[in-house]
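Working notes, structure below.
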Amino acid sequence: MGKRIIVQARGRGGPRYLVRRQAFSIRPRYPLDISGEGIVMKIINSMGHTAPLAKIKYDKGVFFMPAFKGMSEWQKINLDKGEASPGNILRLKDIPIKTPVYNIEARPGDGGIFIRSGGNSGVVNRVSETGIFILMPSKKEKEFNPKCRATVGVIAGAGRFDKPILKAGKMYYMKKSKGKLWPRTSAVKMNAIDHPFGGGRGKRIKSKIAKRNAPPGAKVGLLRPRRTGKQK
């Protein structure tokens, strides 16, 4: 009787590969219609996010967003209008050049999807007739609609990689909360039944270019690479 290789088992899902739902019970995003002033009710530690989350209360309800560096509870922030001070949520067209921003919307009203991990921020780099260009953490520019919203400041939670992971158990629980497989085993060290690269005595590496019509799970390695080999 056959056996699913690890890649296929992960795709099918199961108790071993499921994400911890409690870690993602909070979905940080901007409401569709916010204005006026908001109050930081609570700063929450979320296992599923690299930055602490802030619970913001405004006149129409409550929403969550990644906290900024220096945020405190019961602090007031402006929503959609005001100065470009840390924590305020403004349209990109209202934010001056060279201002750090995070949690940027890809399209106006989508709630914010760019620059949301702890310690990161982008910079409003330049303004053109077509849109506003943000210098992303990757040091590449990206153009946005001037009506997209963003939070002014730098996300809290920087330095999370400074302290070393002192024992394997801590890394195990960090990966467990996000449903990631850990520890990772090199494919060529596996048995043939566990991975397409497995089998053979020692590291005799098979071709890493997956066949075009390989079935799901067996399609591992390099998928339609433009080139292979060492670049000279």
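The values are calculated or read from the model by the stated rules, or taken from the named source; none is laboratory data. Note that this is a predicted model, so its numbers are computed, not measured. Cβ: placed from backbone, ideal geometry, glycine included. Neighbour counts: every protein chain shown.
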Those residues that are at positive phi and without any contact (Cβ under 8 Å) to a residue 24 or more places away in the chain, I need them from the range 210-230; list them, please.
Arg224, Gly229
Lys139: passes all of (1) under 30 Å from Asn88 (Cα atoms); (2) modelled with pLDDT under 85 but (2)
Filter result for the condition that a residue is closer than 25 Å to Lys178 by Cα and over 24 Å from the mean Cα position of the chain (by Cα), over Ile5, Ile26, Ile44:
Ile5
Kindly provide the set of residues from the range 1-25 that are aliphatic (A, V, I, L, M), surrounded by 14 or more Cβ atoms within 10 Å (Cβ to Cβ) and either at pLDDT 85 or above or not in a helix (DSSP H, G or I) (or both), ordered by number.
Ile5, Val19
Residues that are in a loop (DSSP other than H, G, I, E, B), free of Cβ contacts under 8 Å to residues at least 24 places away in the same chain, at positive phi and not hydrophobic (A, V, I, L, M, F, W, C): does the range 31-48 have at least one?
no
Every pair of residues 6+ apart whose Cβ atoms lie under 6 Å, when the first sits in the range 189-209 and is in a loop (DSSP other than H, G, I, E, B) while the second is among the aromatic types (Phe, Trp, Tyr)
Lys206/Phe197
Reported set for the range 93-139 where residues are surrounded by 13 or more Cβ atoms within 10 Å (Cβ to Cβ), out of contact with any Lys or Arg (no Cβ under 9 Å at 6 or more places or on another chain) and β-branched (Val, Ile, Thr) is Ile95, Thr99, Val101, Ile115
Gly87 vs. criteria under 25 Å from the mean Cα position of the chain (by Cα), closer than 22 Å to Pro31 by Cα, of a type outside the set (Phe, Trp, Tyr) and assigned by TED's automatic domain parsing to the domain that holds Pro31:
yes
Matching entry among Lys163, Lys142 (being within 21 Å of the chain's Cα centre (by Cα), surrounded by fewer than 14 Cβ atoms within 10 Å (Cβ to Cβ) and within 30 Å of Ile26 (Cα to Cα)):
Lys163
Hits in the range 171-188 - residues which are farther than 20 Å from Ile5 by Cα and part of a helix (DSSP H, G or I)
Met171, Tyr172, Tyr173, Met174, Lys175, Lys176, Ser177
Go through the range 199-218 and count every residue that is at pLDDT 85 or above and either touching a Ser or Thr at 6+ places or on another chain (Cβ under 8 Å) or within 25 Å of Leu18 (Cα to Cα) (or both).
1
